[in-house]
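The values are calculated or read from the model by the stated rules, or taken from the named source; none is laboratory data. What you see is a predicted model; the values in this text were computed from it and never measured. No Cβ is skipped: glycine too gets one built from the backbone with ideal geometry, and neighbour counts run over all protein chains shown. Remember, those area values only see protein heavy atoms, side chains included, never the ligands or the DNA or RNA. Shrake-Rupley method; radii C 1.70, N 1.55, O 1.52, S 1.80 Å.
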Number of protein chains: 6
Amino acid sequence: MHVLLNLSGRTGLHKGCAYLAPSITNKRLTMEIKQVDISNKTPERRVAMATGRIKLRPETVERIRKGEVEKGDPFQVARLAGIQAAKLTPLLMPLCHQLKLEHVELELKLTDSAVEATAKVVATEKTGVEMEALTALTIALLNIWDVLKAYEKDENGQYPVTEISNIRVISKVKQRVDVP
Amino acid sequence: MHVLLNLSGRTGLHKGCAYLAPSITNKRLTMEIKQVDISNKTPERRVAMATGRIKLRPETVERIRKGEVEKGDPFQVARLAGIQAAKLTPLLMPLCHQLKLEHVELELKLTDSAVEATAKVVATEKTGVEMEALTALTIALLNIWDVLKAYEKDENGQYPVTEISNIRVISKVKQRVDVP
Amino acid sequence: MHVLLNLSGRTGLHKGCAYLAPSITNKRLTMEIKQVDISNKTPERRVAMATGRIKLRPETVERIRKGEVEKGDPFQVARLAGIQAAKLTPLLMPLCHQLKLEHVELELKLTDSAVEATAKVVATEKTGVEMEALTALTIALLNIWDVLKAYEKDENGQYPVTEISNIRVISKVKQRVDVP
Amino acid sequence: MHVLLNLSGRTGLHKGCAYLAPSITNKRLTMEIKQVDISNKTPERRVAMATGRIKLRPETVERIRKGEVEKGDPFQVARLAGIQAAKLTPLLMPLCHQLKLEHVELELKLTDSAVEATAKVVATEKTGVEMEALTALTIALLNIWDVLKAYEKDENGQYPVTEISNIRVISKVKQRVDVP
Amino acid sequence: MHVLLNLSGRTGLHKGCAYLAPSITNKRLTMEIKQVDISNKTPERRVAMATGRIKLRPETVERIRKGEVEKGDPFQVARLAGIQAAKLTPLLMPLCHQLKLEHVELELKLTDSAVEATAKVVATEKTGVEMEALTALTIALLNIWDVLKAYEKDENGQYPVTEISNIRVISKVKQRVDVP
Amino acid sequence: MHVLLNLSGRTGLHKGCAYLAPSITNKRLTMEIKQVDISNKTPERRVAMATGRIKLRPETVERIRKGEVEKGDPFQVARLAGIQAAKLTPLLMPLCHQLKLEHVELELKLTDSAVEATAKVVATEKTGVEMEALTALTIALLNIWDVLKAYEKDENGQYPVTEISNIRVISKVKQRVDVP
């Protein structure tokens, strides 16, 4: 019986499934998908920065250095696509709010076996912009992959080397502003 | 003079910058952004799979296990957002073609300190679907981050632990089909 | 002749068709599609709530209760899709303005033969959010249909029972706020 | 013990929550959100029709008849927005596949206290188009609401009369075609 | 009375306004917005090309030549945005069908006082792609404007010189293909 | 040597290509794509107007006058699509910021051989709205082309007459507002 109660309680925690079993605790039910209400918050200047990298074959890095990439300059594609993607964050993250981004910036650096990227997003909003920075960064890196696809595939069409990793938020700040 | 010719040739390689200096070599100019023409290819059944992971605090993993996540079940959000994102690939990757995806699937597994994800995409098209699988995967992982944000931040609002990594294409196959 | 003039005037009222027949009245021409100018209004806290329902076969309701739905939990899909749709309102309603929604919430209730839904939208904007609440609600209900399609179709692939109805705005309030 | 097994099995049915409790039955787990795989189906000519209505104040209907609607002809807005919305179905229904619609048509009829609408969608695809017809229909009706908002609100800004209802799929057919 | 009937017929021609007056002729009513049905057509290889130009200040052209553009290489932005826009044609042209473009290409040429652009679009579809080529071209030219805005404005923030013109479809061909 | 330095400097100016050749000047590198940071600017009331025209066959103009256009009233389609497109500007112009437009208006005038269009956009934002006005205008004109396609093509499917031209920004003003 004890086990029964426990299981029932557990199921009840998942309000998304709550039509199955009435909760026997009065604990707040939490697994139902919901968006945070930010209406009572104050707009502040928000800046977030994210980093990450894509590992590439040395031959591909050499191609970029020589400017021999059939689909064009991967850095220019990545910058533009990253900026675009940041603006599309609320479409890609269903629970994110619509923000007006005031600046999106992408820095890309070529090492011997990778492209290292940093994305910075600025906005004066009621919630943070780290998901926007992460989206800009990630889509920028995916575009580098896309532009260089032909050089990263092996003879069987597989990608033995290419890998995106180390995606982190390195800074997230907010600062009270005087709205004019 | 020799140096001059070399440099001029180099600049010319970047057709995107080619209004600067006429190319003096007949080497293929390649850095101008362009999309591959797939019109002469044959539709084939394409399947691609991508994997990756998001590292989380053990306390956050425990919360998922207990079903105590305020914004709701992170796995359900990730699955739905990943499927949606796969369909949006040509919007996020400017050089990708518009494909009709016939199946997008996301598998998520909870370990002690991470969520491991696999995305699979199927389509009968003239070009591969690995960018679609990577997009589904990456956006799924970003959504897990978004849903769990509150538990991953430290007292200064930073993310000392959270990290997305190991994003790879693990399989990419094509197979002739008889279009009925 | 009097009748003629009247009719001519009527046609003239339809400025969209007004190149056909010059208006002979100086009455304001009104059928030309146009968007309201909200630039001189003051942002206020806006809350709108809409309700509606989808009628289902009792067998389908039983399936939801038992958790036997092949495509997954219809309530979780509906919540997420409804939140997403609210954000897309200006894309779906050409004359709606772009608003930054601060909260979208969906409540779903299972009865013996239907799902009853309520959508609530909050924003601090120059115009109301009832269209956003209606969009969230309607798309949530359509997603429930989509997830349960297989169980609602009869042997001829038709939907003899499924019906969405009673879509109404049940509350719409605005409240002056002190913009900080 | 029997109860325990049942409950455990029930929880397990909800694979979306399955990290909570290992399933003890081998019954197919079904509440995890997933998209149907249509890759092995054959494209067929698909036609679906949906109907619905929006109830309006008689005074508003009279205004439409007289052509005195400030925001313009509600029928033209509804037709265009309905066609657009049908194309956006895979964005609004996360589990819907991307289809190429070959025809979207909206018929609108004015009665004494309502607008009655019918949407028809045609495509040659591997899956049906009823969700597309329902989306076209619903968004068309919502646009009629939006265009007529000013005349439907009472002195308190509420909508005592306006109501969308009777949304049904009235026909859904498929027909083998010889793809040239 | 006869005149009345005639006028009534005229009004009836505009089916979009047809709730005003029943048509008394059996002439095809044509002003109601509707999409062409392409379901009975055969897919063919379609190629369309469009051209156009944007007039710029000679000083701005010189800046492009020298590579002194703060927002970056306008040609790279234009190419990428043009390719993206072509894919968004059905979103921008409500009556256009969704097509899968197999190639979008933009050629840009710098003259002494303008950028001349050509867009080419290829697809194997049931309807032509000239609207897609025009969209790619036009959005490419608008992006050149956007990137060079700062140099084209006079001291009052106006654009005395900048002008987009000569937008034409220069070629549109179709060709039967054997669908494999 | 002088030539070498110059060329090298030139290449270096294009930071997008800067991995090729290290800059030897300390001049600001400028061809790397980047978005302007508007976070420190003050919102002001912005109004921009753009004009342009589409040349048509006289027979097509006559058809519009008579209301004999199969796909429906081109002016209504153009107005609605133009308003929609203005809202999509940040999607079409990657370097444009997301603005909340408070009014979009399209005026269309039929001459003997053309449609002349004016677009006006109003917003209270940190940056101007001329790109939004140009986008509304251009997409409106493209939609007129799309609606009238059938009448503008010659027997070979070409467009000998149709031409969009004279696209200009005719006015751009900003005005300090007291944000309430």
Nm distances between copies for B:Leu110, ranked from closest, using label points 7 Å along Cα→Cβ: 2.1, 4.5, 5.8, 5.8, 6.6
Solvent accessible area, Å² - A:Leu110, 1.4 Å probe, full protein context: 30 Å²
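What does the charge add up to near C:Met49, with Lys and Arg as +1, Asp and Glu as -1, over the other residues with Cβ less than 12 Å from its Cβ?
0
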Kirkwood Rh, Cα atoms: Rg over Rh of the range F:44-176: 1.03
Within 10 Å of each Cβ in C:103-116, the average number of Cβ atoms from other chains: 2
Total accessible area lost when D and C pair, probe 1.4 Å, Å² to nearest 100: 5000 Å²
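Accessible area, 1.4 Å probe, largest first: how do C:Arg176, B:Arg79 sort? Spell out each step's value before the answer.
Numbers: C:Arg176 155, B:Arg79 5 Å².
Putting C:Arg176, B:Arg79 in descending order of accessible area: C:Arg176, B:Arg79.
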Other copies of E:Val161: label-to-label distances in nm, shortest first, labels 7 Å along the beta-carbon direction: 3.5, 4.6, 5.9, 5.9, 7.2
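Provide the FRET efficiency to the nearest 0.05 for the F:Arg45-A:Val36 pair, computing r from the beta carbons and using R0 = 35 Å.
Numbers: r = 32 Å, r/R0 = 0.90.
E between F:Arg45 and A:Val36, to the nearest 0.05, is 0.65.
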Charge tally in the Cβ shell below 13 Å around D:Val61, where Lys, Arg are +1 and Asp, Glu are -1, D:Val61 excluded: +1
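When Lys and Arg each count +1 and Asp and Glu each count -1, what net charge do the other residues less than 13 Å away from D:Ile164, Cβ to Cβ, add up to? Spell out each step's value before the answer.
Numbers: positive: C:Arg53, C:Arg168, D:Arg53, D:Lys55, D:Arg168; negative: C:Glu130, C:Glu163, D:Glu116, D:Asp146, D:Glu152, D:Glu163.
Net charge around D:Ile164: -1.
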Accessible surface of the range C:96-142, 1.4 Å probe, proportion on carbon and sulfur as whole %: 37 percent
Label point distance in nm, A:Thr111-B:Asn156, each placed 7 Å from Cα along Cα→Cβ: 2.3 nm
Calculated label separations, F:Lys66, copies of the chain, 7 Å along the beta-carbon direction, nm: 3.4, 5.8, 6.5, 6.5, 7.8
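Give the average, rounded to an integer, of partner chain Cβ atoms located within 10 angstrom of each Cβ in A:160-172.
Working: counts 2, 1, 5, 6, 10, 8, 4, 11, 9, 10, 2, 3, 5.
Counting Cβ atoms of other protein chains within 10 Å of each residue's Cβ and averaging gives 6.
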Nearest-to-axis residue of chain F, judged by beta-carbon position, where the axis maps F onto E, in Å: F:Ser165, 2
